[in-house]
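Everything below concerns the one structure shown next.
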């Protein structure tokens, strides 16, 4: 009997797909970054304590008329090494650009600098934290639950946060925002402060630093417009997604595909249409409708060329064309994937597919 | 413990490297190499976890914990060519900790039935789940080699390297684990119950025999 139990256990498979794989990878890397930042901050604490003690001695020995400048120095130093509660002071003096390391901000948030990043803490008050990032890649772990706004400015792009963890990468011609958890709002600086997009966990957005948003991110539409757009005729996106979830829970893949297709075709402007197109591709492939799956994946990729799922969508489209026997489309899609993502997660898989083409 | 540096310079085709090269680079702090190891083995590790757990709910968390722990302990990897069983060993330990915690919790709150086994063949749910429960009670030194060999299909020689013991010791431990599981024998009842339930359902709904 134990053999039967062993066989049953060995036959179990995980519902593990590329999207899930990438999501967990992002979580692994975020956790490693977080632990690394803690270690780096921890290493500086003893030295910082000695420095703070020395400054305290100096401040106490200083003539009373000079105490104000001593407090300013202390505030700047402490905020660079160790989290402190938001202090009851006005705007702190700007901390000069910092070339590397983890910076614990006064409100308990941590900014970890990578790739030669430079940031400047422009404002830090109980109501507002404002950081200017002029270069490189920075991971921000923002302490949630505080009644203040947290803003990162990279050129003319603003990332506005309330309790979240995210990356901002400042390239020469673009700013990339990647959200790990929580929500951030990305907007263009200027008089009208146009909102570009609101991002959730797993979302990534690349914004050109030229006056216009690059075409790659055009699908990210102003939130105000999205929210005020009249609902299309027929069921709402929420209803259709609920219908799709329910159908999948009951293994009714045809009904799930129909609901998702309605989202994609009848609610093109809704941001959820992008993810729905990707899900539709997965479901169609499960149903053995490979050409339909390929079209859905292609639609997702075309809808948001810089979206978080787009690399996966391009690869899945190529594989689905192949599985459907449409080899010309498979070759074209596979080569397109390799040219766009030469170091992508699916390179080996796509290359194998291309080698198998007749 | 390894602190990772960001990757600079021209990109390499990491997916063409073997595990040994990737491990050596990851041990030197190359995050891209570690990422490639993840992409290469995460699916297998997830499968190993799912085979024991029989459910999906905690899979992401356990895979995440496994690879975070692996990154922090990659210097302790004895043989770079045995990455996969090494990762599975970590996953088994983390899964065991979770199951033990869950068992303690459910013993206090039995009405919380969170256990929802999944199997491609419903008739197989019973024995696999009972086997999983029995494995929780087996000491780690016996459980890990038995699972690596019997469930994951690893060769005895590889299991010996992964566990850091001789081939003879591995054989002895696997045999001892099997003996203890046989003597537990709880899944025999479960098989009978599951078969009976299936038959009853088929009769009630008028399904084909």
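Each reported figure results from applying straightforward, stated rules to the coordinates on display, with no laboratory input. Worth saying up front: this structure is predicted, and the values here are computed from it rather than measured. With ideal geometry, Cβ positions are generated from the backbone for all residues, glycine too; neighbour counts draw on all protein chains shown.
Of note:
- Rg over Rh for segment A:237-356 works out to 0.99, both radii taken from alpha-carbon positions and Rh defined as the Kirkwood radius.
- Shielding score for B:64-77, defined as the mean number of other chain Cβ atoms within 10 Å: 3
- Added length on full extension, which subtracts the Cα-Cα distance from 0.36 nm per residue, residue A:173 to residue A:236: 18.9 nm
- Calculated FRET efficiency, residue B:172 to residue A:348, Cβ-Cβ distance, R0 = 45 Å: about 0.70 to the nearest 0.05.
- Cα-based equivalent ellipsoid of segment B:14-116: semi-axis lengths in Å, sorted from largest, via gyration tensor: 31, 12, 10
- With the simple model of a label 7 Å out from the Cα in the direction of the Cβ, residue A:54 to residue A:356 spans 6.5 nm.
- Cα→Cβ-extended label distance, 7 Å offset, between residue B:76 and residue A:45, nm: 2.3 nm
- Mean separation of Cα contacts under 8 Å, 6 or more apart, over the residue count of segment B:134-173: relative contact order %: 36 percent
- Distance (nanometres) between label positions extended 7 Å along Cα→Cβ at residue A:250 and residue B:103: 3.9 nm
- Based on C-alpha pairs under 8 angstrom that are at least 6 apart in sequence, segment B:14-116 has a relative contact order of 28 percent.
- Extension gain, residue B:155 to residue B:179: 0.36 nm times the residue separation minus the Cα-Cα distance gives 6.7 nm.
- Averaged over A:28-37, number of beta-carbon atoms from partner chains that fall within 10 Å: 5
- Computed over segment A:243-358: relative contact order in percent, which uses C-alpha pairs under 8 Å that are six or more apart: 16 percent
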